[in-house]
Amino acid sequence: MVRRASDATLVRKARNGSRDAAGELFGRYWPGAWRAALVLTGRREMADDVAQDAFERAFAALSRFDESRPFGAWLHRIVVNRALDLMRRERRLVGLDQVAEPESPWRDLGAEDRELLDAVATLGAQRRTVVVLRYGLGYSPTEIGELLELPTGTVNSRLARALEDLRRIREEADAHRA
Amino acid sequence: MPTELEQQLERALSATRATPPESARQAALDALPLAPPHRRRGRVPLVLALGMAILLASAVTLYASPDARQVIGLDTSTPKHPFKPGPKRLQVPAGASGVAVLAGDRMWATAQAVSINGAKATAVELSPNALNIAVGRGRDLVAVHTNGSGERVLRRTEGQVVAISWAPNPIEIAYVVKDGAHYRLHLIEGDGDNDRLIDPSVAPVRPTWRWDNGALAYVSSNGHVVVRDLIHARSAVLPRGCLRPATQLAYAPAGNTLIAAGNDSVAVVTARGAVGCQSLATTPIRGFPPPVRALTWLTPTTVVAIGGRDVAQLRPHGSRLHVIRRLTESRGNPVGGSALPGNRLVIALDSPRLRMIEVDANTLHIRRVLLDAPPADGAAPVSVR
């Protein structure tokens, strides 16, 4: 049985110039990072840019990475920051629905789940970010606080408000259908 | 207990099988900035390399020695490589998230989506990972969000904020504020909450945090190093020893080692006070006095002290300091500096304009000019993340 190398081992080898190690690290985290970028931005082409940019920054800063910390969390933090940065730079902070793709990027999902993720895409960037980190990537509120440099209380309040928004959007959609 | 909506969110976000396009994957993989691979060298090239290194070291030693240069007729105050005009906007060094410098009453800072160039300020410091820039501006302590979303006044203060130190955690900020003839040390949280006075009478010296956020070292108004244990809320005032008084402090990035500098010396600080002093810049060059301008950890075991025109690498061993390397900066007067990963330094030179340069820590060879700005007035504290 071939033993899977730890992230820390791969990081060490990549720092020393091992392309194989860098490629394996990339392979492990690229799909997840891209999906996180997609849910955060709601747009495929923007997810490409965000994920690529995040990987470039992460690998350029590999010498500063603290091996005692999880690589995935560190990378996700960069993805989140790049996504927020890019959206702000393009002045798409408010109303992502205005620039949303003509076709929902969640076309592989059932109608109910697709509707929910479309609703997530209409949340403000701050609330959308904590929703994706909490329910998409499985971070606890404390971990999200560490990732975003926010007090845990602020994370919890953003989550609560995001859930309120989503409930309201769903109720409005139900009422509209009725 | 997750609600039905939370369960549905978890299911929907994990169920999406959206896959990144192969073209994007390949483009990202091709763009990965990889470290150059190490090459094995044979014995003959190794011998040749050693010979070259000895020749080069002899040349560097000859050039780095002011006495030797005077003997062979070189003017130590003349830059060997006169600067061409450099960037007016502060550039971020390779591999860093952000950089900031205060020069006179102006600041320069660049991180992520924000670049501030020449704005009025009294203190500046980047947060860990450069997500925020803490700025002393007038009577305000301000946090500028580097994602471009604006800024927030954390505290309206009694007087000018003259020094800022962001905790590694990075929740808390220590700052020194001028209050009439005195300086006060405060702690505040990064969102502006829970401001509290720690010491009503300190020196205008940047405090330093222990790696675990459990202790803060600062300089009292009479020059003593004070270590404040933040877990047990008690302080230890240490004898000044050889420092007379302390003007710079730097906790090691791991462990308990605290290094302090006075005007012309550097010392390991222990519970017994400042011991094992290593004198720096004892021979002032052409009227430049020798205050130690910067103290920064190059590695977890090596500290760099910049004083006069000396850039010295020192290694604490117990309560002693060993000099590993001592170089002379010939292109100008160093007024600040900070370490970078990869054995590099960012040095601020007042020469006579303020120039920020990224250099190799072992040779001081310039890798890049980061800023070309009007001259600094005195020290130019540098913050790099």
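Among the residues examined, residue B:331 does not qualify as of a type in the set (Lys, Arg), in a strand (DSSP E or B) and away from chain A (no Cβ under 14 Å). Mind checking which residues of the stretch A:157-178 are farther than 21 Å from residue B:132 by Cβ and surrounded by 17 or more Cβ atoms within 10 Å (Cβ to Cβ)? Scanning the stretch A:157-178 gives A:159, A:162, A:163, A:165, A:166, A:169. The lone criterion from (1) open to solvent by 10 Å² or more (accessible area, probe 1.4 Å); (2) without any contact (Cβ under 8 Å) to a residue 60 or more places away in the chain; (3) not β-branched (Val, Ile, Thr) left unmet by residue B:223 is number (1).
Residues of the stretch A:1-48 that are more than 10 Å from chain B (Cβ to nearest Cβ) and outside any helix (DSSP H, G or I): A:1, A:2, A:3, A:4, A:5, A:6, A:42, A:43. Based on what the data block shows, is residue B:293 of a type in the set (Lys, Arg), under 23 Å from residue B:108 (Cα atoms), out of contact with any helix residue (DSSP H, G or I) (no Cβ under 7 Å at 6 or more places or on another chain) and touching a residue at least 40 places away in the same chain (Cβ under 8 Å)? For residue B:293, the condition - of a type in the set (Lys, Arg), under 23 Å from residue B:108 (Cα atoms), out of contact with any helix residue (DSSP H, G or I) (no Cβ under 7 Å at 6 or more places or on another chain) and touching a residue at least 40 places away in the same chain (Cβ under 8 Å) - is met. Is it true that some residue in the stretch B:132-155 is modelled with pLDDT of 90 or more, farther than 17 Å from residue B:113 by Cα, in contact with an Asp or Glu (Cβ under 6 Å, 6 or more places away or on another chain) and not in a strand (DSSP E or B)? No - not one qualifying residue is present in the stretch B:132-155.
The residues of the stretch B:352-385 that are open to solvent by 20 Å² or more (accessible area, probe 1.4 Å) and farther than 27 Å from residue A:65 by Cβ, listed by number, are B:352, B:353, B:355, B:369, B:374, B:375, B:377, B:378, B:379. Among the criteria (1) open to solvent by 30 Å² or more (accessible area, probe 1.4 Å); (2) within 11 Å of chain B (Cβ to nearest Cβ); (3) modelled with pLDDT of 85 or more, the one residue A:51 does not fulfil is (1).
Within the stretch B:226-241, can you find the residues that are part of a loop (DSSP other than H, G, I, E, B) and surrounded by 15 or more Cβ atoms within 10 Å (Cβ to Cβ)?
B:230, B:238, B:240, B:241
Cβ separations smaller than 8 Å between residues 6+ apart or across chains give the following pairs from the stretch A:11-25 residues that are within 20 Å of residue B:26 (Cα to Cα) and free of Cβ contacts under 8 Å to residues at least 60 places away in the same chain to residues that are crowded, with 18+ Cβ neighbours inside 10 Å and of a type in the set (Val, Ile, Thr): A:21/A:11; A:25/A:11. Within the stretch B:161-189, the set of residues being polar (S, T, N, Q) and outside any loop (DSSP other than H, G, I, E, B) comprises just one member, B:165. Of all residues in the stretch A:1-48, which are farther than 13 Å from residue B:24 by Cβ, open to solvent by less than 50 Å² (accessible area, probe 1.4 Å) and acidic (Asp, Glu)? A:7 - this is the single residue of the stretch A:1-48 that is farther than 13 Å from residue B:24 by Cβ, open to solvent by less than 50 Å² (accessible area, probe 1.4 Å) and acidic (Asp, Glu).
Restricting attention to the stretch B:141-181, the residues being among the hydroxyl-bearing types (Ser, Thr, Tyr), within 14 Å of chain A (Cβ to nearest Cβ) and under 23 Å from the mean Cα position of the chain (by Cα) number 1.
Being modelled with pLDDT of 90 or more, open to solvent by less than 70 Å² (accessible area, probe 1.4 Å) and polar (S, T, N, Q) is a property that residue B:122 has. Among residues of the stretch B:207-220 being touching an Asp or Glu at 6+ places or on another chain (Cβ under 8 Å) and in contact (Cβ under 8 Å) with a residue 40 or more places away in the chain, the one that is nearest to the other protein chains (Cβ to nearest Cβ) is B:213. Residue check: is residue A:170 more than 24 Å from residue A:72 (Cα to Cα) and out of contact with any Ser or Thr (no Cβ under 6 Å at 6 or more places or on another chain)? For residue A:170, the condition - more than 24 Å from residue A:72 (Cα to Cα) and out of contact with any Ser or Thr (no Cβ under 6 Å at 6 or more places or on another chain) - is met. If you go through the stretch B:157-198 and keep only what is without any contact (Cβ under 8 Å) to a residue 40 or more places away in the chain and farther than 29 Å from residue A:146 by Cβ, you end up with B:158, B:159, B:160, B:178, B:179, B:180, B:181, B:182, B:183, B:184.
On the stretch given as the stretch A:119-145, residues that are touching a residue at least 40 places away in the same chain (Cβ under 8 Å), of a type in the set (D, E, K, R) and open to solvent by 10 Å² or more (accessible area, probe 1.4 Å) total 1.
The values are calculated or read from the model by the stated rules, or taken from the named source; none is laboratory data. Everything numeric in this text was worked out from a predicted model, so none of it was measured. Note that we place each Cβ from the backbone using ideal geometry, even for glycine, and neighbour counts take in every protein chain shown. Heavy atoms of the whole protein, side chains included, go into the accessibility calculation; ligands, DNA and RNA do not. Shrake-Rupley method; radii C 1.70, N 1.55, O 1.52, S 1.80 Å.
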